[in-house]
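Have a look at the structure below before the remarks.
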Amino acid sequence: MQTDSDFLIDPSSQNEPRPDLVGLGWTPFFASQLACLEDAVQPARVLLASAARHHVQTADGPRLAVVSGRLAHEAADRAALPTVGDWVGLRPGDGAGPSYIVHTFARSTCLRRKAAGPAVEAQVLAANVDKVFIVTSLNADFNVRRLERYIDAVLDGGARPVLVLNKADVCPDPGRFIDAAREVAPTAPIALVSALSGAGLDALRGEIGAGETIALVGSSGVGKSALSNRLLGAEVQREGAIRAADERGRHTTAHRELFLIPGGGLLIDTPGVRELGLWSSDGAAGPAGFDDVEARAAACRFRDCAHEGEPGCAVRRAIEDGELDPERLGAYLKLGAERRYLARQQDVRARLEEKRRWKQISKRMRANPKQ
């Protein structure tokens with residue numbers, strides 16, 4: 001049975017000096033927030049979050065912490081609560097008990113998706129991430145449309161995408177996959193790797209700067225856990241097999257956790273995502289990562305051109321001239337429609353919450369009339 005201590009990271013066990021705040025990803029962005037706080041707190045980075053308690057790392061070492069009642073009450077929704085990658089402020093607990101998380105620092109970036117199910121709310125996959133390694137495998141699971149969706153989520157959250165094409169050891173012709181990836185991400189780094197043989201991992205490590213936080217995302221079976229183990233130099237994540245029928249895998253990573261990478265940098269591994277519902281606070285903006293489509297759209301005759309047959313549509317002309325893949329435009333329109341639909345749902349939810357809030361205020365006023 002695993003105990004709380006099983007999840008705490010002790011950097012000394014990796015023959016590495018204990019990281020200072022900068023080594024944990026602390027930047028002037030967070031330092032300026034700390035300087036503005038009225039009450040003194042100890043900064044800490046969330047390594048592992050659960051409903052009961054959080055495992056955090058301070059400059060003095062690992063700690064167990066719980067979210068204070070006040071912070072939990074003031075959180076607008078679950079996405080506002082501390083999660084993996086967040087910087088939080090601690091106050092000492094009673095005796096040998098856990099510390100209290102009394103403050104959450106504003107996030108520099110935030111990788112989010114729509115929470116699974118009918119509820120209209122965001123789920124934060126990782127906070128304060130510098131780069132996101134979007135992992136896909138060079139087999140039947142490779143899906144360009146899925147890559148576009150991941151790229152949109154990463155760019156919308158403020159991080160930089162890196163496309164990691166894994167399982168190069170079993171792919172005799174990786175060139176066509178690289179070309180397909182380059183079509184949807186012309187400016188993003190693309191790494192061809194094999195977590196099994198180790199090929200290409202040195203170049204991938206070169207994408208991780210000192211103090212930078214990397215998140216691994218991708219569907220089940222693409223080899224994220226194997227890559228994590230390679231980058232961390234230890235078997236910290238259980239690896240799983242894939243089904244021969246469709247070359248898809250099962251979830252082997254059950255939770256999100258932040259690890260210190262030997263030599264510098266930090267890594268957040270995430271469970272395989274079966275459904276990446278978009279989440280954006282700006283429903284009017286088009287999907288991110290489609291600069292090729294939007295560059296042509298800027299030349300359309302009408303500013304509100306829907307690219308569905310209007311006269312003077314430069315996007316349709318590019319398709320007719322063979323300069324733009326029609327499936328690429330289809331993906332752009334689909335993701336844009338999804339964004340607008342989500343924005344409408346968020347508006348409805350906001351109105352309902354405001355109505356409920358005023359009902360509660362009215363109820364309290366009726367219960368406590370002025371004498």
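Side notes on the structure shown:
- Each peptide among 39-45, 160-166 gets the average number of other Cβ atoms lying within 10 Å of its residues, and from highest to lowest they stand as 160-166, 39-45.
- Euclidean distance of C-alpha centroids, the stretch 172-240 and the stretch 297-339, integer Å: 32
- 1.4 Å probe accessible area per residue over the stretch 78-168, in Å²: 33
- Over 24 Å (Cα to Cα) - which of Lys114/Lys167; Lys224/Lys334; Lys131/Lys224; Lys167/Lys334 fall in this group: Lys114/Lys167; Lys224/Lys334; Lys167/Lys334
- Both radii were evaluated on the Cα set of the stretch 46-178; the Rg over Rh quotient, with Rh as the Kirkwood radius, amounts to 1.09.
- Taken over the stretch 31-99, the ratio of Cα radius of gyration to 2.2 N^0.38 Å equals 1.07.
The values are calculated or read from the model by the stated rules, or taken from the named source; none is laboratory data. Quick caveat: nothing in here was measured; it's all calculated off a predicted structure. With ideal geometry, Cβ positions are generated from the backbone for all residues, glycine too; neighbour counts draw on all protein chains shown. Heads up: the accessible areas ignore ligands, DNA and RNA and are worked out on the full protein's heavy atoms, side chains in. Shrake-Rupley method; radii C 1.70, N 1.55, O 1.52, S 1.80 Å.
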